[in-house]
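The values are calculated or read from the model by the stated rules, or taken from the named source; none is laboratory data. These numbers were taken from a predicted model, which means no experiment stands behind them. Ideal geometry is used to build each Cβ from the backbone, glycine not excepted, and the neighbour counts take in all protein chains shown. Keep in mind that these areas ignore ligands, DNA and RNA; they rest on the heavy atoms of the full protein, side chains included. Shrake-Rupley method; radii C 1.70, N 1.55, O 1.52, S 1.80 Å.
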Amino acid sequence: MQKLIPAVLVSVILGACGGGGGRSAPAPTPAPTLGAINETNQNDVSGISYDSALLLESITTFAGAAGVQTSATRAKFDFKSLITLQVAEAREIEFLPATVVGAITTRTLPCNVSGTYVGTVDDADNSLTPTSGDKVNIVYTNCVTRTPSGANITRNGTTSFDFTKLTETELLATAAYQNLDVLIPATTVSAAFTVKMNGSITSSSIFNNATSTSTDGISIPSLSLASGAESLTYTNYQLNESVNTITGAYIKSGQGTFGATGLGTFNLSTPVPFQGFGSGRPSVGKLKIVGSDATAYVTAIDTFSAKLELDKGSDGTIDVTKTAAWGSF
């Protein structure tokens, strides 16, 4: 995986009053133009932001009429589970002994239903284990894999991993996606669809045996998930989650910039981290969604419902408050 370094130095020649040459400071990355939030799209913005930012799922956005899709009817793309699956596949490739230090090894492995993936390993120090500087490039060819939910996904394309650490209890790696196509099968609420992934993420995971707690962090400098004319984008986004593997209790928080076709781009944060159990909805937590002219909030009331608020002028005064069942927005 080649880490993306979006730093550009621009040379500037100073010509006034006989001045000399010099270099400017790095050009700042322009702030994104934020989308509008109003009473008409409040539910849509709240729902897609929560699903995609806190759950890392959903691809169907709102290019069409607003308000016709809810969390219960959006096409689901479980991005977090895909990350876990691909790390497991990288483990299967294995770091085989090389004839010389730094040699490249390649293996072709079967996917668990049909198709193959080819793993190319650059074991930089020939340590036979993932260490800092080691790289794994995976090319999928009609790779059909059964997920834990029982659905078969099909992948074509490339994912590259740059490992820092990979043990039984700890992971730190950066993954880059280059036109990775993931075909999601049809469900009772959506037809089959393909997601094209481009960008990079850094994933970290530490499991504490003493407390049976898994602490995970996903950092996304830039990533796009596109399906036809619709897309979700993440920029400088960070998701953190802690899960007790015995009780199922979780705590999760996220912050950064998120965009969805038909809605716009928004700055997200969690003033109050979300808490719940297992795959259930949270009973504690608050998501803040900042748009161009308004701020929306999603606050957990209990595992059945949430409070949706709208501050029209982002002046600290709540203008609209309503209660909605989880899954209905």
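Summed over region 52-61, residues that are in a loop (DSSP other than H, G, I, E, B) and either at pLDDT 95 or above or touching a strand residue (DSSP E or B) at 6+ places or on another chain (Cβ under 6 Å) (or both) total 2. The criterion of being open to solvent by less than 20 Å² (accessible area, probe 1.4 Å), at pLDDT below 85 and either out of contact with any helix residue (DSSP H, G or I) (no Cβ under 6 Å at 6 or more places or on another chain) or within 30 Å of residue 306 (Cβ to Cβ) (or both) does not hold for residue 124. Restricting attention to region 65-97 and to residues that are of a type outside the set (S, T, N, Q), outside any helix (DSSP H, G or I) and open to solvent by less than 20 Å² (accessible area, probe 1.4 Å), the residue that is modelled with the highest pLDDT turns out to be 77. Can you tell me which residue within region 130-179, out of those that are modelled with pLDDT under 85 and of a type in the set (Asp, Glu), is most open to solvent (accessible area, probe 1.4 Å)? Ranking the qualifying residues of region 130-179, first place goes to 168. Checking each residue in region 263-300 for being surrounded by fewer than 18 Cβ atoms within 10 Å (Cβ to Cβ) and either of a type in the set (Asp, Glu) or assigned to a loop (DSSP other than H, G, I, E, B) (or both) picks out 278, 279, 280, 283, 292, 293.
Can you tell me how many residues within region 304-329 are of a type in the set (Val, Ile, Thr), open to solvent by less than 70 Å² (accessible area, probe 1.4 Å) and outside any strand (DSSP E or B)?
The qualifying residues number 1.
Being outside any loop (DSSP other than H, G, I, E, B) and within 14 Å of residue 49 (Cα to Cα) is the filter here, so list the residues in region 251-262 that pass it. Within region 251-262, 253, 254, 255, 256, 257, 258, 259, 260 qualify.
Tell me, yes or no, whether region 207-217 has at least one residue that is under 19 Å from residue 288 (Cα atoms), open to solvent by 30 Å² or more (accessible area, probe 1.4 Å), touching a strand residue (DSSP E or B) at 6+ places or on another chain (Cβ under 9 Å) and of a type in the set (A, V, I, L, M, F, W, C). No, there is no match, as no residue in region 207-217 is under 19 Å from residue 288 (Cα atoms), open to solvent by 30 Å² or more (accessible area, probe 1.4 Å), touching a strand residue (DSSP E or B) at 6+ places or on another chain (Cβ under 9 Å) and of a type in the set (A, V, I, L, M, F, W, C). Filtering region 226-247 for residues that are open to solvent by less than 20 Å² (accessible area, probe 1.4 Å) and either under 21 Å from residue 137 (Cα atoms) or among the small types (Gly, Ala, Ser) (or both) leaves an empty set.
Working only within region 306-324, note down all residues that are among the small types (Gly, Ala, Ser) and either over 14 Å from residue 70 (Cβ atoms) or under 25 Å from the mean Cα position of the chain (by Cα) (or both). Across region 306-324, the qualifying residues are 306, 313, 314, 316. Identification of strands (runs of 3 or more DSSP E) wholly contained in region 116-208 with 3 or more residues that are farther than 24 Å from residue 56 by Cα yields 131-146. The set of residues in region 224-245 being touching a residue at least 40 places away in the same chain (Cβ under 8 Å) and outside any strand (DSSP E or B) consists of 229 alone. Every condition in (1) at pLDDT below 85; (2) surrounded by 11 or more Cβ atoms within 10 Å (Cβ to Cβ); (3) under 26 Å from residue 225 (Cα atoms); (4) not aromatic (Phe, Trp, Tyr) holds for residue 49 except the one numbered (1).
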